[in-house]
Amino acid sequence: MSLRLLHTADWHVGRTLRGRSRLDEHEATLEQLVALAEDQQVGLVVVAGDLFDTAAPAPDAERLVYRTLLQLAGDDRQVLIIAGNHDHPRRWNAVAPVLDLARIHVRPFVVAPAQGGVIELEITGTPTCIALLPWLSQRHAVSADDLLSRDADQHNQTYLDRMRRVAKALCAPFSADRANLVVGHLTAVGATLGGGERLAHTIFDYAVPASIFPPTAGYVALGHLHRHQRVDGPAPTYYSGSPLQLDFGEGDNDPTAVIVELAPGRPARLEAIELDAAPRLRTLTGSVTELELLARDTGNAHLRLVVRERHRAGLADELRERFSRAVEVRIEPVEVPGDEGGRGIAAPPRRLGRSPYELFGEFMAQQSVIDSRVAALFAELVEQDSSEDHDAGGDNAP
């Protein structure tokens, strides 16, 4: 008596690449996920947050996500969704009653077990208990903790202590005669960043150990970090990873989804399936001649070119014409001995189309400042406007 489930997360539909739409790549990737669910004959699909890239997705992005969810729910499959830090929980809350009619269960907020924080289903003959832990920001951890505990007046104020109590309350209904599953969107201590996450929500106070989940959990399905990996803990705890590379910082990630076999009373067995529907993202570094040689082995990948040559007018445009798949060109001029007039000195860096995080990181490097706390504070400032807008509505998205 066991069930097979598909664990995926961090779709980030709507994400662009240096201003270029990737909707067609997301569509191909999600079609591959649907085919995987069908081929593997799974009874449950778990999407552990960040289906969208922004809290206000474009209509085309919404259409693709909702269509995919309906396809995943085909053949009597159950689908479970939790909100991530990029998702707008109130938008999900608005469509949840409609999606529920198609066996698509949405949990945008952390709620008590009796209010939907725990779902009990029978899937392919296997009684299953599922604890749902959507993204919980620091400013909403207090209210969630108060909701799930009776001694709120004695609470310690740290995020970790509150997350530990929330997890304990959600996992309390687990029993040996059921397949027990946790679905969460969070940063786990000891996990490796994928390279494209929001810095402010992945370090310091947001990190929690996997030990907050009990050994009675047969599997802990996580989202938030974009690299597929296991996290040490009492229960088998895994990030599925994103199904496609989202940023050039994720060039070392293999896009994956995870097939899990889960049964009462025993740990999960799983297989990571590599996905290849979307082009990879590759960074190539060298002279123009070296780049041409390196590019021969990159297939249809999107390229970021880091050119190390003496700077000359029109070099970047020349490279864009020569490398049709280049979406970003960076020039790192080399100094030529005896070069008069500073012609070998780098020109001011191009800023158009680059994110505030990239520009600030470059400034930090120029100033020889290596302090991730400063970078985290900057990220919080960048997101302050959107956070204030969401606070006005009472949700827990950034």
Kindly indicate the residue of segment 181-190 that is touching a residue at least 60 places away in the same chain (Cβ under 8 Å) and under 24 Å from S2 (Cβ atoms) and also farthest from the chain's Cα centre (by Cα) among those meeting that condition. L181
Is it the case that F174 is of a type in the set (F, W, Y), over 24 Å from the mean Cα position of the chain (by Cα) and modelled with pLDDT of 95 or more? yes
Could you look through segment 252-268, keep only residues that are free of Cβ contacts under 8 Å to residues at least 60 places away in the same chain and assigned to a loop (DSSP other than H, G, I, E, B), and pick out the one that is farthest from G223 (Cα to Cα)? D252
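Could you tell me how many of the residues in segment 279-304 are touching a helix residue (DSSP H, G or I) at 6+ places or on another chain (Cβ under 6 Å) and crowded, with 18+ Cβ neighbours inside 10 Å? Step through it out loud before you land on a result.
Step one: filter segment 279-304 for residues touching a helix residue (DSSP H, G or I) at 6+ places or on another chain (Cβ under 6 Å), giving 281, 283-284, 304.
Within this subset, residues satisfying the condition of being crowded, with 18+ Cβ neighbours inside 10 Å are 281, 284, 304.
The qualifying residues number 3.
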Residue pairs meeting the criteria (Cβ under 8 Å; at least 6 apart or on separate chains; first of a type in the set (K, R), in segment 6-24; second part of a strand (DSSP E or B)): R18/V327; R18/E328; R20/V327; R22/T16
Within segment 321-331, identify whether any single residue is in contact (Cβ under 8 Å) with a residue 24 or more places away in the chain, surrounded by 15 or more Cβ atoms within 10 Å (Cβ to Cβ), touching a Lys or Arg at 6+ places or on another chain (Cβ under 8 Å) and not aliphatic (A, V, I, L, M), and answer yes or no. yes
Looking at (1) surrounded by fewer than 21 Cβ atoms within 10 Å (Cβ to Cβ); (2) over 25 Å from L101 (Cβ atoms); (3) touching a strand residue (DSSP E or B) at 6+ places or on another chain (Cβ under 9 Å), which one does Q41 not meet, given that it meets all the others? (2)
Hey, N85 assigned to a helix (DSSP H, G or I) and either in the same structural domain as A176 (by TED's automatic domain parsing) or modelled with pLDDT of 95 or more (or both) or not: no
Hey, any hits in segment 49-66 for a residue that's more than 17 Å from G14 (Cα to Cα), touching a Lys or Arg at 6+ places or on another chain (Cβ under 8 Å), among the aliphatic types (A, V, I, L, M) and assigned by TED's automatic domain parsing to the domain that holds T126? no
Kindly check whether there is at least one residue in segment 187-195 that is under 25 Å from G117 (Cα atoms), modelled with pLDDT under 95, in contact with a strand residue (DSSP E or B) (Cβ under 7 Å, 6 or more places away or on another chain) and crowded, with 24+ Cβ neighbours inside 10 Å. yes
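The values are calculated or read from the model by the stated rules, or taken from the named source; none is laboratory data. Given the structure is predicted, the values throughout are model-derived calculations rather than measurements. Here Cβ is always computed from backbone atoms with ideal geometry, including for glycine, and neighbour counts include all displayed protein chains.
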